[in-house]
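Notes follow the structure.
Please treat every number below as a calculation from the coordinates, not as lab data. Please read all numbers here as calculations on a predicted model, not as lab measurements. Using ideal geometry, Cβ is built from the backbone for each residue, glycine included, and neighbour counts are taken over all protein chains shown.
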Amino acid sequence: MILTVTLNAALDITYRVAALRPGATHRVSEVVERPGGKGLNVARVLAALGHEVTVTGFAGGLTGRALRDQLAEDESGTATGPSVRAVASTGTPTAGGAGPGGTAAVAVGAGGAAGAADGDRIAGPDMAGIADAAGIGDAAGAAGGAGRLTASGPAGAAGASRARRVRDALVSIGGTTRRTVAVVDAATGETTQLNEPGPVITPEEWTAFTAAYEELLGGCSAVALCGSLPPGVPVGAYAQLVRAAHAVSVPVLLDTSGEPLRRGLAARPDIVKPNADELAELTGSHEPAQATRDARRRGAHAVVASLGPRGMLAVTPEGRWRVVPPRRLRSGPVRGNATGAGDSAVAGLLSGLVDNLPWPKRLVRAAALSAATVLSTTAGDFDRGAYGELLGRVEVTEAT
């Protein structure tokens, strides 16, 4: 079992509008609600790849109840994906309620009727048929001795893998789980993100969580510690959780930023996955090669930096690699909503870790999932067809 920790979980709400204009009133054409927060997004992708996954963290209030209800539907198999409500062009919802004047009234946290939208681009956790349940095939060297490695394709593509469910081990709190709102501009493809602050965690709630976390460690093969810390949680929380996992020989991936990342590095996590901005904030260097080396010297066993369209840069005990996804697929350019792409990369790295893949193959999996997520419309989803194609086209080269 893989355990993902989301201390600042959220109910993610995605609105789609024709064109976003500041100061204007907008009619929403589609609303998507689903459990969110970095660790929950990671868990959803891992489950789609066929891994057994448990999520823990905090949940409370009406928003937390809605989040857990959706997880329960996913776990029982009664839901086929996120809560999706398509809204007619007049502004009248085709599923859900209507407000005055035909404007869609969005009931935040409501279960809603799941519906299909944008074809396969909105996909639920039960994604049976995902290729690459176990491996990505052998790596092949590029002609000319340049040291390029590419994945030959998904292993066992003819056999469908069975997506698993995400198990809920969240700890109840007195406060209310936050919401995050993403507004997708259909005209430009750009996304505007609004993140609420998290609930205040009491010392008693933190103690209850750490006890539950340590119990869960007994049955897991790897841990992902993801996202920001809600108010009230000690700034050194991640360092504490890394040490607890290492005490029972469980490897840890840390994906956070700022002072929690700085403190967490001192506990020597097995992998850290900052993006370019987080890496620069940590090290003071805007040169990725130097910054990744510096981050590793600060305590991480391996550093995998997400560099956006430029791919990833990895510094590990086994070597250094640059990872670059293709800019175009058969269906068109790799362009879209980047929300959740880093979380999918984390899922790929963890999946490769527990599957005992060598580093280049782990990186191919991570980069393919990340790019396939850009082509999806909702955080925590990835375009399955694109993922299969990307596995064979991501390039890995040794970095100096």
(Q) Give me, ordered by chain and number, the residues 5 or more places off Glu395 or on other chains with an amide H under 5 Å from its own placed amide H. (A) Val324
Q | Between segment 241-281 and segment 193-227, the alpha-carbon center distance in angstrom | A | 14 Å
**Q.** Environment charge of Ala289, counting only residues whose C-beta is closer than 14 Å and scoring Lys/Arg +1, Asp/Glu -1
**A.** +3
Q: Would you kindly derive the ³J(HN,Hα) couplings of segment 176-193 from the backbone phi angles with the Karplus curve 6.51 cos²θ - 1.76 cosθ + 1.60 (θ = phi - 60°), listing them in order in whole Hz, with x for Gly and Pro?
A: 10, 4, 6, 10, 10, 10, 10, 10, 9, 8, 5, 6, 10, x, 7, 10, 9, 10
Q: Please sort 18-30, 256-268 by packing, taking for each peptide the average over its residues of neighbouring beta carbons within 10 angstrom, highest first.
A: 256-268, 18-30
Q | Formal net charge of residues neighbouring Val248 (Cβ-Cβ distance under 13 Å; K, R +1; D, E -1) | A | -1
Q: Find out how many positive minus negative residues lie around His301, taking Lys and Arg as positive, Asp and Glu as negative, among other residues whose Cβ is under 10 Å from that of His301.
A: +1
